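Scroll down for the structure; my scribbles are underneath it.
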Amino acid sequence: MLALEVVFWVAAGLLVYTHAGYPLMLWLLAGRRRERPPRPPEELPSVSLIIAAYDEEAVIADKVRNALALDYPRERLEVIVASDGSGDATVERAREAGADLVLDLPRGGKIRAQDQAVEHASGEILAFSDANSFWESDALRELVAPFADPRVGYVCGQVRFVNDAGDNQEGVYWRYEMAIRSLESRLAGVTGGNGAIYAVRREDYLVVDPRMGHDLSFPFNMVKRGRRPVYAPSARATERMVPTIEGEFARKRRMMSHAWLIVLKGGLLSPRGYGLAYAWEILSHRLLRYVTPFLHLVALAANVWLAAAGAGWVYVVTLAAQLALLAAAALGPLVPARPFRLAYYYVLVTASLAAGLWDWLRTGTPAGWEKAEGTR
C-alpha cells in the first residue's frame, strides 16, 4: 500500500509542479530580472524574410504585401517565398504581389523548402514566418534588435491568436505559455519558439532532419553551440486560431508527432552543452509537460486503487477531484459555460501529447505538412 501511495503522490506532484510549481519557481528566479534593452546597432542588418508556403493562394499575396510594408529599410529587406510543391496559384500570386524571389520547388516538406530559401538568401539575419501570419509594422525591427548582443543566435517573437468564431480556448493557454517563455528568456533562454515569427543569424542556421520543426529543435541546439535563444515580446504577429477545440486537438497531435522525434532522437534530452539552469528548463517545461497524459493515467489508476482499499479520506477527495475534471470535460461539448470548455480543452490537448507519440511510433512522421482547418 505504501508503494502505491508513493506512486500516486509522485505522479500528482509532478503534474502540479510542471503546470504551477515550475512557473512559480521561474518567477522567483527570473521574475525580477530585467533584460537590458539591446543597444541599437549603428546600421540595421540586412534581413531575408523567408515564407514557406504550400497551397496558400488564398493568403500569400496579402502576406507578401504585409512583409513589404514593414517599417524596415527596403534596400535591407529581401522577401523570399518558397513554394513547397504548391498545386494552386501560390507561385503566381506571390510574384504578382512583389516578392523579391519566389522558388517553385518540388514537394519536400516545410523544412526543406526553408533550407532551399536559405541557400538563395543574402541577408545577415534570416527571418521566418508562415503564410497566414501577419506582422505589425515594427515587428522586424523588434525581432532583429536582440542580435545586437553577439551571444544571441535565435529570437522568437510573440504571436497573437485571433478567433472571429468558434470555441477554441487556445488563447488562454497561449497567454500562460508566453508568460513562461518570457521568464525562461530572462533566466537561461527559451525552450521553444513558434513558426509565425522568428529569426536566426545566417551563420547559426541549422539544417535539421526534415521531419523536425525549427520551433523546438533550434532553441536547444543554439544553447549547445554557445548561443542564447531569446524571446522578443514586442515583435508581434497575428494568426487565425483553429476555430474548434477538436481542431486544436488535431493540430497539436500533428505537432507532437514531430516533437516526439526531436525529444527521443533529436538530442533534446542530451544534457551536453546545457548549463544547469537550461537543463532544468528542458526537464520542467518540455519532458515533464510532454509526459503529463501518462502521469494523469498513473495518478488516476493509483487513486482508484487506494480509494477502493480504504487508504484514507484524502484519496476519496483526490479521486473526486479527478473525476470532476473528467466529468466537466465530458460536458464541455454540451455546456457553453467557460469552466466546462476549459476542462474539455485541457483534457483534449493533454491527450494530443500521447496521440502524437502513438502516431510517430505507429506510422512515423512525414516531412510534409497540411494547413490546419479554419486558419486561413
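The values are calculated or read from the model by the stated rules, or taken from the named source; none is laboratory data. As the structure is a prediction and not an experimental result, all values here were calculated from the model. As a convention, Cβ positions derive from the backbone with ideal geometry for all residues, glycine included, and neighbour counts pool all protein chains shown. The accessibility values were calculated without ligands, DNA or RNA, using every heavy atom of the protein model including side chains. Shrake-Rupley method; radii C 1.70, N 1.55, O 1.52, S 1.80 Å.
What pairs come up if the first residue lies in the stretch 215-234 and is farther than 12 Å from TYR274 by Cβ, the second is open to solvent by less than 60 Å² (accessible area, probe 1.4 Å) and of a type in the set (Lys, Arg), and their beta carbons are under 6 Å apart, counting only those six or more places apart or on different chains?
TYR231/ARG181
Going by what's in this entry, would TRP280 be described as within 30 Å of VAL230 (Cβ to Cβ) and either part of a helix (DSSP H, G or I) or touching a strand residue (DSSP E or B) at 6+ places or on another chain (Cβ under 6 Å) (or both)?
Taking the combined requirement at face value, the residue satisfies it.
Give me the residue from the stretch 297-321 that is open to solvent by less than 50 Å² (accessible area, probe 1.4 Å) and in contact (Cβ under 8 Å) with a residue 24 or more places away in the chain and, out of that set, farthest from VAL6 (Cα to Cα).
Among those that are open to solvent by less than 50 Å² (accessible area, probe 1.4 Å) and in contact (Cβ under 8 Å) with a residue 24 or more places away in the chain, it is THR318.
Of the residues that make up the stretch 184-191, is at least one in contact with a strand residue (DSSP E or B) (Cβ under 8 Å, 6 or more places away or on another chain) and of a type in the set (Asp, Glu)?
yes
Would you confirm, using the coordinates I've provided, whether ASP149 is over 21 Å from the mean Cα position of the chain (by Cα) and closer than 30 Å to ARG225 by Cβ?
Numbers: over 21 Å from the mean Cα position of the chain (by Cα): yes; closer than 30 Å to ARG225 by Cβ: yes.
In short, yes.
Scan the stretch 184-204 residue by residue and report those that are closer than 27 Å to ALA121 by Cα and over 18 Å from the mean Cα position of the chain (by Cα).
ARG201, ARG202, GLU203, ASP204
Report the residue count in the stretch 132-148 for those that are in a loop (DSSP other than H, G, I, E, B) and modelled with pLDDT under 95. Walk me through how you get there before you give the answer.
Our first condition is that a residue be in a loop (DSSP other than H, G, I, E, B); within the stretch 132-148, this holds for 132, 136-138.
This time we only want the ones that are modelled with pLDDT under 95, so: 132.
Residues that pass the stated criteria total 1.
May I ask you to list the residues in the stretch 38-69 that are assigned to a loop (DSSP other than H, G, I, E, B) and touching a strand residue (DSSP E or B) at 6+ places or on another chain (Cβ under 6 Å)?
We begin by selecting, within the stretch 38-69, every residue assigned to a loop (DSSP other than H, G, I, E, B); these are 38-46, 54-59, 69.
Correct list: PRO45, TYR54.
Taking the stretch 331-355 as the search range and keeping residues that are in a helix (DSSP H, G or I), out of contact with any Phe, Trp or Tyr (no Cβ under 8 Å at 6 or more places or on another chain) and open to solvent by 40 Å² or more (accessible area, probe 1.4 Å), which one is nearest to LEU306 (Cα to Cα)?
Checking each candidate, the answer is VAL347.
Name every residue in the stretch 304-330 that is assigned to a helix (DSSP H, G or I), among the small types (Gly, Ala, Ser) and more than 28 Å from the chain's Cα centre (by Cα), in order of residue number. Break it down stepwise before answering.
Step one: of the stretch 304-330, the residues assigned to a helix (DSSP H, G or I) are 304-308, 313-330.
Checking which are among the small types (Gly, Ala, Ser) leaves us with 307-308, 320-321, 324, 327-330.
Listed by number, the residues that qualify are ALA307, ALA308, ALA320, ALA321, ALA324, ALA327.
What are the residues in the stretch 69-98 that are open to solvent by less than 50 Å² (accessible area, probe 1.4 Å), within 27 Å of the chain's Cα centre (by Cα) and either farther than 30 Å from THR365 by Cα or polar (S, T, N, Q) (or both), if any?
Within the stretch 69-98, LEU70, TYR72, LEU77, GLU78, SER83, SER86, THR90 meet the criteria.
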